[in-house]
Amino acid sequence: MSPAFGAMEVEHYSKGVLLEPFVHQVGGHSCVLRFNDKTICKPLIQREHQFYETLPTEMRRFTPQYEGVVSVSFEEDEDGNLCLIAYPLNGDHDNLENLDNSDCEPKSKLLRWTNKKTMLLENEKIPKEWVRQHRKEEKMKSHKLEEEFEWLKKSEVLYYSVEKKGNVSSQFKHHNPWSMKCHQQQLQRMKENAKHRNQYKFILLENLTSRYEVPCVLDLKMGTRQHGDDASEEKKANQIRKCQQSTSAVIGVRVCGMQVYQAGTGQLMFMNKYHGRKLSVQGFKEALYQFFHNGKYLRRELFESVIKKLTELKSVLEKQESYRFYSSSLLIIYDGKERQEVAVDSDPEDLEDLSEESSDESAGAYAYKPTASTVDVRMIDFAHTTCKYYGEDSVVHEGQDTGYVFGLQNLIDIIKEIRDESSE
């Protein structure tokens, strides 16, 4: 980005950026927001912030890129719409010049996150009966939304049909139940604290889904232990129970969330953490199979890339002295929108824009196969991470995080099993 363009965007940003829901969040309880197409943000937790600022070089390719800190306030527009606005921290303008804000939503363009509050009507010509009716309708709408949300929270696996001919990725925002849940809770927390506090720090991180047209995301809770060293006895007991009652204790990994686009049926499938906790080891394997299946066939071309990256990550973590990644997650991401390529004796450029439907119809003339897709493997969520370099920690661990490495090895083995069984 040129200095002039950067200065222009910093000026734009200093007036406030509207934070939108991040529609590809499938797990975790911390709210994740969209800053722009390539950047997300989440509430700053000091331990996680310290992790990103002291991250070992060899781990950087397995974590989102850290892009700084912003100040976020809870605001209302003149019509009473609730929203979150990001501003630069005082004295932090220099760091913003490296951030591409060209696609940020300005504060002036407010997103409707909740129902409008009843407007204060100063015009005496408006009948009081109309005002009462308006308030009644708004209350009914609000109640209907609450009922729908309660139903979504109770549904652990959901399928939504989408329009194949439309922009599939844009339809995620209308369907992702976990994203909606996290945003509603975040807004409610900030609304309750608005009288006492209206400024929060959020960290900016790379949006790992930005390169994909239709991101398929698997969120895996890694390790045999989830509670941090600073956890209360109640929290510790609760986390131990969750591990013992799930695949975490047996194989060191469990499903925390999933979204998959199934081209065969034209559906989006969402699975939440409550369902993931109930899975047996065999059920976990079946969930992985489902993640790599597009409704027509297994995406076998993804396996080697996933296995390679998981193996490389395992090798890196085995060398990390004293790190413990308690309650950390691992994301596996690929594109649900496949690109087709023609046989060797055909010219791919002539058929660059060939759709999936036309490729099926032309199967007699050309041999089509999906190209090897890019798969991303990244560690996220470091609120309970510790290592000996964190001087304030009372507990210092030695050696590698054996619980996490154990989970990685089992994950690699299970994916290999799926690969081998599908090729028989």
| Using a 1.4 angstrom probe with every protein chain in place, what is the largest-first accessible-area order of Tyr389, Tyr323? | Tyr389, Tyr323
| field | Lys235-Asn193 pseudo-label distance in nm [points 7 Å out on the Cα-to-Cβ vector] | value | 1.4 nm
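With r as the distance between the Cβ atoms of Asn90 and Lys296 and R0 = 60 Å, compute the FRET efficiency 1/(1 + (r/R0)^6) and round to 0.05.
Step by step, r from the Cβ atoms, then E = 0.65.
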| Roughly to the nearest percent, how much of the accessible area of the range 203-316 is carbon and sulfur, given a 1.4 Å probe? | 48 percent
| request: Would you mind computing the Rg to Rh ratio of the range 246-291 from its alpha-carbon coordinates, Kirkwood style for Rh? | output: 1.02
| Chain lengthening between Glu417 and Glu206 when straightened (0.36 nm per residue, less Cα-Cα) | 72.7 nm
| Restricting the range 259-320 to trypsin sites (Lys or Arg not before Pro) in coil, as DSSP defines it, with at most 13 other Cβ within 10 Å | Lys296, Lys319
| query | Among Leu288, Leu317, Asn272, whose Cα sits farthest toward the positive end of the charge dipole of the range 235-324 (+1 at Cβ of Lys/Arg, -1 at Cβ of Asp/Glu, about the Cα centre)? | reply | Asn272
| Packing-wise, with mean Cβ within 10 Å as the measure, how do 396-406, 249-259 rank, highest first? | 249-259, 396-406
| remark: the range 381-418 scanned against label point 7 Å out from Glu304 along Cα→C-beta; backbone N under 20 Å for 412-418
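The values are calculated or read from the model by the stated rules, or taken from the named source; none is laboratory data. Just so you know, these numbers come straight off a predicted model, no measurement behind them. Virtual Cβ from ideal backbone geometry, glycine too; neighbours counted across all protein chains shown. Ligands, DNA and RNA are stripped out before the accessible areas are found, and what is left, the full protein with its side chains, is counted by its heavy atoms. Shrake-Rupley method; radii C 1.70, N 1.55, O 1.52, S 1.80 Å.
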